[in-house]
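The values are calculated or read from the model by the stated rules, or taken from the named source; none is laboratory data. Remember, it's a predicted structure, so these values are computed and weren't measured experimentally. All Cβ positions, glycine included, derive from the backbone under ideal geometry; neighbour counts span all protein chains shown.
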Amino acid sequence: MRIAVVGTGYVGLVSGTCLAETGVTVTCVDVDASKIDKLNQGGIPIYEPGLAELVIKNRANERLFFTTSLKEALVDADAVFIAVGTPPDEDGSADLSYVIGVAHEIGCLIEEYVVVVTKSTVPVGTNRKVKLAVQEELDKRGVEVVFDVASNPEFLKEGDAVKQREYAQIYRLVMDLLDSIVELIGSEPVKMDEFSRIMEAGFQEIQVGTIPQNVDRVVAGDMERTRLKEIKALFFVGVNEGNIPKNTDSGGILTQMDREFFADEGMELAPGPKELMNTQRFYLYLNLTKPSEHLCLSYSLSNGKGEPISPAYLIHSIQALYPGLEVKNAGDEEFSLNAMELPGTSLECFLKGLGEGAVGQGSPLYSELYSWYLRSPKYRTLARKLVEASRTRKPADIISESVAKVLYGEVSPYSATRLERYSACAFAHFLQYGLKLTERAEYEFRAMDMGNIMHKVLESLIKEVNKEKLSLAELSEEERDALADRLVDTISADYGNTILKSSARNEYMIQRTKRMVRRTVWAIQKQLKSGEFEPEGVEVVFQGGRIDRVDTMETDDGKLYVRVIDYKTGNTSFDLVSLYHGLQLQLMIYMDGALTVEQNKHKDKEVIPAGVFYYNIKDPMIQEKIDADIETVQEKVLKELKMNGLVLKDKELVQKMDSSLVSIPVSFNKDGSFRKNSSVASKEQFDILNRYVKTKISHIRQSIMTGDAQVSPYMLGKKNACTYCPYSGVCGFDMDIPGYEFRRLKNFTDEELWDAFVKEVDE
């Protein structure tokens, strides 16, 4: 007899192997080529007591085979078992998409009679769907092949599945009993009650040998696949953000809104992010409610790179429910004296003592252990090296003023990026601007490349519009989009037919860039139409700096208002606290430069700062009803593209800047006053910020030239300088080494912050 088993997961592999053990020839099929290769090489992708031995035995006896070809497995097969996954849907019902998919494939391949057996966990009525799927494919082929559909429900239990050997043992014993009855009775007719007594007597003599596997065992599995019952203790490891729950957004083509639309139209789709997230929550509930006595949740404080990571929200939720729970650190366990009896095991204890500074500091236990190692010829050298290494301290990281002058030269007060780098970490500044270290160039199209193209496109677009003496706000949609597309094609060609033409992904990135540029130009046009400001210049150069865009507005009373806009391809937010600590000097440096440039051009006018802004270039996705009108959608998109920064506290000016208030971080109360969340500052406050930034720049330049190059990354709230630092792999920053620690910056309330600015300026 030949059987094909589709699916080499827990159910399929165990069932196929145990069927082979009964003497049947079994071919297991799976679409995962790596899993099949592993099985053919003798590896077992799951753990089940006794399974590996059975696989090896039956492969050697040529009763068990593994392949990725269902067509190959169906040759001369008498039956095909469907043993694929049926994960629960949002409502807890089984997802039959994989089962039905296999049924369709069987219908495409069978040439002669076969029994199709559903082995997966499926609800009542599934066999009818399987039969229809097989028949549908036969009808498409125009062939008539007789087949039957049967059900063999899953009854496996992890850790017990190979008990099927017991069932196979029973099967053989029953067959032996029947053979014995035939030898005794032959063809003599027997009444049913008499036959029943003969069988009962035979069964009483049958003995089945079993091993009690349920006693004191440990079963390891994952959250989604493990099906366990009667668990006393459950250890749930890796309960960290990103693991629980897993990221379910695979970046597919369809949005959640698209999925809801197709669902309303009666179309069945594979599970999306929302469904997958609900499935995870369901599995999480199942696992947390399994143990009857003990539940242990463990999480890591750092990843493999030593970077800090956060526990999952689940930890905080449970702590809130049970405030009396004790959180234990796995590293707090004390070593027993038994652990110190052998050199190999005691070495870990010795290292722990070194880490805690216990060795040589009066601890009798560790001192005695250290003395033993020093007396041992085998471990003496190692012990001394370990002690020497444990005494490592943070170096001073100070260079002389003469060396600093040679390395750095003149530090421009307008080099915003450089000054901010130093404020973030002096050592990172030393590596970048002193040693001139750069990241390894890689042959790929990165986010930075997209940002460069977008900056150049926006620069060229406004220059071309100004050159033709046109108004960007007055361009038609067709003119606007055609100009944006042409500039993207022209500027991306500067990368040649190399990187941008090297893969389909990069070709897609060009198209994505076009879409984002179109969206950005559209938004800029809308913003300009809502106000009276006009682009004065792009890539405006001033004393070593370069401003992405400067807009101006001239009033009848001889005043010229200036606003500075810096394009960002990330999600940069203007923050006065960060400005105070020197981490966001750029916009105020740019404003000072722009005011100087405009004052030189308009000597007869009063030049006034109107606002400084970051414009985050992006193509936002919004959720809205499918029948929403275009105006509503566009309004929401514009809100997502709102600039962030600081605006001059002048109601009349704000209205002239954007009468709709859609593009700037300002809103009004009903009485006409500014709302509390409005990001505004008076002219005097702008002046204070300008003077403060100049003072801060002076202090930074002085620190650079005195030779301070310490590893001193900042931490402000949850943000720190190490998160995206390209030099984190070479600086040696390690919190476990004395002297290394984050420079924790002070946070302020709004009132405290302005008081601090004034105080610094007055001093």
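Kindly establish whether SER34 is within 42 Å of the chain's Cα centre (by Cα) and at pLDDT 90 or above. Can you show your working first?
Details: within 42 Å of the chain's Cα centre (by Cα): yes; at pLDDT 90 or above: no.
It is false that SER34 is within 42 Å of the chain's Cα centre (by Cα) and at pLDDT 90 or above.
Read through the list (1) charged (D, E, K, R); (2) modelled with pLDDT of 75 or more; (3) under 30 Å from ILE231 (Cα atoms), then give the number of the only condition that GLU137 fails.
Going through (1) charged (D, E, K, R); (2) modelled with pLDDT of 75 or more; (3) under 30 Å from ILE231 (Cα atoms) one by one, GLU137 breaks only (3).
Would you call LEU374 assigned to a helix (DSSP H, G or I) and either under 30 Å from LEU284 (Cα atoms) or modelled with pLDDT under 65 (or both)? Steps first, please.
Numbers: assigned to a helix (DSSP H, G or I): yes; either under 30 Å from LEU284 (Cα atoms) or modelled with pLDDT under 65 (or both): no.
Taking the combined requirement at face value, the residue does not satisfy it.
Considering only residues of the stretch 348-360 that are within 12 Å of VAL387 (Cα to Cα) and assigned to a helix (DSSP H, G or I), which is modelled with the lowest pLDDT?
For the stretch 348-360, the residue satisfying everything is GLY355.
Does any residue of the stretch 605-624 turn out to be more than 30 Å from ALA424 (Cα to Cα) and either in the same structural domain as SER712 (by TED's automatic domain parsing) or touching a Gly at 6+ places or on another chain (Cβ under 8 Å) (or both)?
Yes, the stretch 605-624 contains at least one residue that is more than 30 Å from ALA424 (Cα to Cα) and either in the same structural domain as SER712 (by TED's automatic domain parsing) or touching a Gly at 6+ places or on another chain (Cβ under 8 Å) (or both).
I need a count of the residues in the stretch 569-595 that are touching a Phe, Trp or Tyr at 6+ places or on another chain (Cβ under 6 Å) and either among the polar types (S, T, N, Q) or surrounded by fewer than 19 Cβ atoms within 10 Å (Cβ to Cβ) (or both).
Total satisfying the criteria: 1.
When you scan the stretch 685-712, how many residues do you find that are closer than 20 Å to ALA404 by Cβ and touching a residue at least 24 places away in the same chain (Cβ under 8 Å)? Lay out the reasoning, then the answer.
If we filter the stretch 685-712 for residues that are closer than 20 Å to ALA404 by Cβ, which is where we start, we get 696-712.
With touching a residue at least 24 places away in the same chain (Cβ under 8 Å) added as a condition, the list becomes 696-698, 700-701, 703-712.
The qualifying residues number 15.
Counting just the residues of the stretch 74-87 that are small (Gly, Ala, Ser) and touching a helix residue (DSSP H, G or I) at 6+ places or on another chain (Cβ under 9 Å), which one comes out modelled with the highest pLDDT? I'd like the intermediate steps shown before the answer.
Going through the stretch 74-87, the residues small (Gly, Ala, Ser) turn out to be 77, 79, 83, 85.
Next cut, touching a helix residue (DSSP H, G or I) at 6+ places or on another chain (Cβ under 9 Å) only: 83, 85.
On the way: ALA83: 89, GLY85: 82.
Checking each candidate, the answer is ALA83.
Kindly indicate whether any position in the stretch 664-673 is touching a helix residue (DSSP H, G or I) at 6+ places or on another chain (Cβ under 8 Å), surrounded by fewer than 17 Cβ atoms within 10 Å (Cβ to Cβ) and of a type in the set (Gly, Ala, Ser). Before the answer, list the steps.
Our first condition is that a residue be touching a helix residue (DSSP H, G or I) at 6+ places or on another chain (Cβ under 8 Å); within the stretch 664-673, this holds for 664, 666, 668, 672.
From what is left, the residues that are surrounded by fewer than 17 Cβ atoms within 10 Å (Cβ to Cβ) are 668, 672.
With the extra rule that they be of a type in the set (Gly, Ala, Ser), the set shrinks to 672.
Taking every residue of the stretch 664-673 in turn, at least one turns out to be touching a helix residue (DSSP H, G or I) at 6+ places or on another chain (Cβ under 8 Å), surrounded by fewer than 17 Cβ atoms within 10 Å (Cβ to Cβ) and of a type in the set (Gly, Ala, Ser).
Taking the stretch 187-201 only, how many residues are of a type in the set (Lys, Arg) and surrounded by 10 or more Cβ atoms within 10 Å (Cβ to Cβ)? Walk me through it before giving the result.
Going residue by residue through the stretch 187-201, those that are of a type in the set (Lys, Arg) are 191, 197.
The next check asks that each one be surrounded by 10 or more Cβ atoms within 10 Å (Cβ to Cβ); those that pass are 197.
Final tally of qualifying residues: 1.
May I ask you to list the residues in the stretch 13-48 that are touching a residue at least 40 places away in the same chain (Cβ under 8 Å), surrounded by fewer than 16 Cβ atoms within 10 Å (Cβ to Cβ) and out of contact with any Asp or Glu (no Cβ under 9 Å at 6 or more places or on another chain)?
The answer is GLY23, and nothing else.
Would you pick out the residues in the stretch 691-721 that are closer than 18 Å to ILE309 by Cα and at pLDDT 90 or above? Don't jump to the end; show me each part of the working.
First, pick out the residues of the stretch 691-721 that are closer than 18 Å to ILE309 by Cα: 713-721.
Residues satisfying the conditions are PRO713, TYR714, MET715, LEU716, ASN720, ALA721.
Being exposed (fewer than 14 other Cβ atoms within 10 Å of the Cβ) and either without any contact (Cβ under 8 Å) to a residue 60 or more places away in the chain or touching a His at 6+ places or on another chain (Cβ under 7 Å) (or both) is the filter here; which residues of the stretch 641-663 pass it? Before you say what the answer is, go through the steps one by one.
Just the residues of the stretch 641-663 that are exposed (fewer than 14 other Cβ atoms within 10 Å of the Cβ), to begin with: 651-652, 659.
Matches in the stretch 641-663: LYS651, GLU652.
What do you reckon, is ILE491 under 19 Å from PRO620 (Cα atoms) and either modelled with pLDDT under 75 or in a helix (DSSP H, G or I) (or both)?
Values: under 19 Å from PRO620 (Cα atoms): no; either modelled with pLDDT under 75 or in a helix (DSSP H, G or I) (or both): yes.
So ILE491 does not fit the description; no.
Being within 34 Å of the chain's Cα centre (by Cα), at pLDDT 85 or above and surrounded by 11 or more Cβ atoms within 10 Å (Cβ to Cβ) narrows it down to one of SER412, SER423, so name that one. It would help to see each step written out before you state the result.
On the way: SER412 fails: within 34 Å of the chain's Cα centre (by Cα).
None of the others qualify; the one that does is SER423.
Can you tell me which of (1) modelled with pLDDT under 75; (2) part of a loop (DSSP other than H, G, I, E, B); (3) not aliphatic (A, V, I, L, M) is the one LYS436 doesn't meet?
For LYS436, the exception is condition (1).
Quick one: count up the residues across the stretch 713-737 that are free of Cβ contacts under 8 Å to residues at least 60 places away in the same chain and in contact with a strand residue (DSSP E or B) (Cβ under 8 Å, 6 or more places away or on another chain).
So the count comes out to 2.
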